[in-house]
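Single-structure report; data block below.
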Amino acid sequence: MVITPNIIIKKMDLRYMCCLICAISFQFLYAQYNTNDAWHDAQIMKYADKSKIAKERVQWFREAKIGMFIHWNPSSVVAAEISWSKQFYEDTGENLKHNPRPTIKDCPAQEHTDWIRWFKPAVSKEVYDNLHKSFYPGMFNADSIVSTAKRAGIKYIVMVTKHHDGFCMWDTSYTDYNIMNTPFKRDIVGEMATACHRHDIKFCIYYSQRDWHHPNYSAEELPLYNLFMRNQIKELITKYAPVSGIFFDAHDWNKAPDIWEPEKMFKEIYEIAPNIIINNRCGVPADYNTPEQRIGKIDMETSWESCMTFTGEWSWRGFDNEVIPFEKCMDYLIGCAGGNGNLLLNIDPLPTGQIDPREKQRLEQMGQWLEKNGEAIYGTLGGPFLPSEWGTSTRRGNMMYLLVKDMRKMPNFIPPMPCEIKSIYVDDKKISFKKDKNGIVLNIPSWMFHEYITVVKIKTDKDLSDIPLMTM
């Protein structure tokens, strides 16, 4: 058959018409979907039980697999933990008395009352509340940070806009306690949003409902504080649009689900940004779960993201603080992907505005690995094999990937599966295999093992998405 220009045009027209029909259908479907529907979805835990639109809204997140968290504000000036090192009493910072921070009534889990190791060193109120007056990150460059994220294979950035101490890293109209009242006088959140949009990385915000600075943050004046909070959220998602996600930060939402008036706030958010995704720390399950400082267990029913740090702390605490090695970063990455979740890896910029060079090195190493092996991470589902000592697995379509961190502990066979294995590769080199009563016997020579993660690519004859989890 000779392919003429007319045939090409007809094929292009057909593809265009299909895309147009899909777009019109989605718009029609979306027109029927209002803030009440979005709020209804936000109260549903399981991904499978949500509406088609809610599933489509969160799809980019489920495919992204790796994001960058950025915890940073004037606390870096004294190399102290963000917010938690602040004391709300007259103390020099060395007695560590019982800490009477503001606590919202009926929500006892919202505030810590004891000093934990990573709160220290304590910073007296007189010092902490004035740190912004000497905050001048002269080496801050949003494009440099976002370019580093891009090279690391990161697909979205979550920027702390306001932590529990109440300091705002953007030019807000609702409080003077913000970045424009520092010597720096530059809108850091705005510059990060612009850089993310320029480099095609999803821009998301972290916003703490706690606010130990605001005069209305109390049980008695909570409605006034919640109004302030809603106004700030609307300001952020309007001013820096598109904002792809919001990471709220008040744990144990199920113990006090109405504290932050989530229905009112969520509906106002959806009215402005209907495609936004929201985490589970504001009174309802919303779009995804957020295990913290631990890798989530494999979960095929809900979307989730583990937020992890390089140092065990959230803010920059000085060069004496050890940074985890590259192999630990890889454990985090494959643990999240194999568990059907995402990794949100935190950086803690220096008071200069730069990424800690040790963290930057780890990120670049991860990017180099992902450039070669990204197909085993991005856009995959966890499984079909349960995570084990040897490693974990991911799948996409008819492809299955074994992410092996210890080849010595890996079984030399793949158990029987409801599909036929067509080929097995490691580093684009074909691996011989044979069938027996145990399934498929593998023959991977030891010289092919990698120092960190060995990726075994397995092609089958069927889509593997619905295969139940099994042990290998």
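The values are calculated or read from the model by the stated rules, or taken from the named source; none is laboratory data. Keep in mind that this is a model prediction, so the values were computed, not measured. Glycine gets a Cβ as well: all are built from the backbone with ideal geometry, and neighbour counts include every protein chain shown. To get the accessible areas, we keep the full protein, side chains included, count just its heavy atoms, and leave off ligands, DNA and RNA. Shrake-Rupley method; radii C 1.70, N 1.55, O 1.52, S 1.80 Å.
Working from Cα pairs under 8 Å separated by at least six residues, relative contact order for the range 154-203 is 38 percent. Evaluated on the range 386-472, the Kirkwood hydrodynamic radius is 13.2 Å, with distances taken between all distinct Cα atoms. Just so you know, the Cα atoms of the range 297-447 work out to an Rg and Dmax of 17.9, 62 Å.
Contact order for the range 381-471, expressed relative to its length and based on alpha carbon pairs under 8 Å spaced 6+ residues apart, stands at 38 percent. Here each label is just a point 7 Å from Cα along the line to Cβ, and for GLU420 and GLN361 those points are 5.0 nm apart. Multiplying each eigenvalue of the alpha-carbon gyration tensor of the range 292-331 by 5 and taking the square root yields semi-axes of 25, 12, 6 Å, largest first, rounded to whole angstroms.
With a 1.4 Å probe and all protein chains kept in place, how do GLU268, GLU301 rank by accessible area, largest first? Please list the in-between numbers first.
Details: GLU268 50, GLU301 100 Å².
From most accessible down to least: GLU301, GLU268.
Proximity of backbone amide H atoms, modeled 1.01 Å from N, is registered between TRP314 and ILE82 at under 5 Å, excluding neighbours fewer than 5 places apart on the same chain.
Assuming 0.692 mPa s and 37 °C, estimate D for the range 235-293 with Stokes-Einstein, Rh taken as the Kirkwood radius over Cα pairs, in µm²/s. Present the calculation step by step, with values, prior to reporting the outcome.
Working: Rh = 11.9 Å.
The diffusion coefficient I find is 275 µm²/s.
Karplus-based coupling profile of the range 307-318, in residue order and whole Hz: 9, 10, 10, 7, 10, x, 10, 8, 9, 5, 10, x, with θ = phi - 60° in 6.51 cos²θ - 1.76 cosθ + 1.60 and x standing for Gly or Pro.
Treating only the Cβ of Lys, Arg, Asp and Glu as charged (+1, +1, -1, -1), what charge dipole size does the chain show about its Cα centre? Round to the nearest 20 debye.
Details: 56 positive and 59 negative charges, 392 e Å.
Charge dipole of the chain: 1880 debye, to the nearest 20.
For the range 316-472, the Cβ-based charge dipole about the Cα centre amounts to some 640 debye (Lys, Arg positive; Asp, Glu negative; other atoms uncharged). Per residue, the chain reaches -9000 deg cm²/dmol at 222 nm when only DSSP H runs of four or more residues are counted, each adding -39500 (n - 2.57).
Amide hydrogen proximity for ASN178: with H placed 1.01 Å from N in the peptide plane, the residues at 5 or more positions away or on another chain lying under 5 Å are CYS168.
Residue by residue, the range 179-189 carries 3J(HN,Hα) couplings of 4, 6, 9, 10, x, 5, 6, 10, 6, 5, 4 Hz when phi is fed to the Karplus relation 6.51 cos²θ - 1.76 cosθ + 1.60 (θ = phi - 60°); x denotes Gly or Pro. Seen from every direction in turn and averaged, the convex hull around the alpha carbons of the chain projects onto 26.7 nm².
Each listed q (0.12, 0.16, 0.17, 0.20 Å⁻¹) maps to a log10 I(q)/I(0) for the range 126-238, found by the Debye formula over equal Cα scatterers with no solvent: -0.47, -0.79, -0.87, -1.11.
Please state, as a whole number in µm²/s, the translational diffusion coefficient that the Stokes-Einstein equation yields for the range 157-315 at 20 °C and 1.002 mPa s, with Rh defined as the Kirkwood radius across alpha carbon pairs. Before the final figure, lay out the partial values.
Numbers: Rh = 16.5 Å.
Translational D for this selection: 130 µm²/s.
Projecting the Cα atoms of TYR136, TRP84, LEU403 onto the dipole axis of the chain, where Lys and Arg carry +1 and Asp and Glu carry -1 at the beta carbon, places LEU403 farthest toward the positive end.
Within the range 359-411, the percentage of alpha carbon pairs spaced more than 19 angstrom apart rounds to 37%. Loop-located GluC sites (Glu not before Pro) in the range 360-446 (DSSP state other than H, G, I, E, B) with a sparse environment of at most 15 neighbouring Cβ atoms within 10 Å: GLU389, GLU420.
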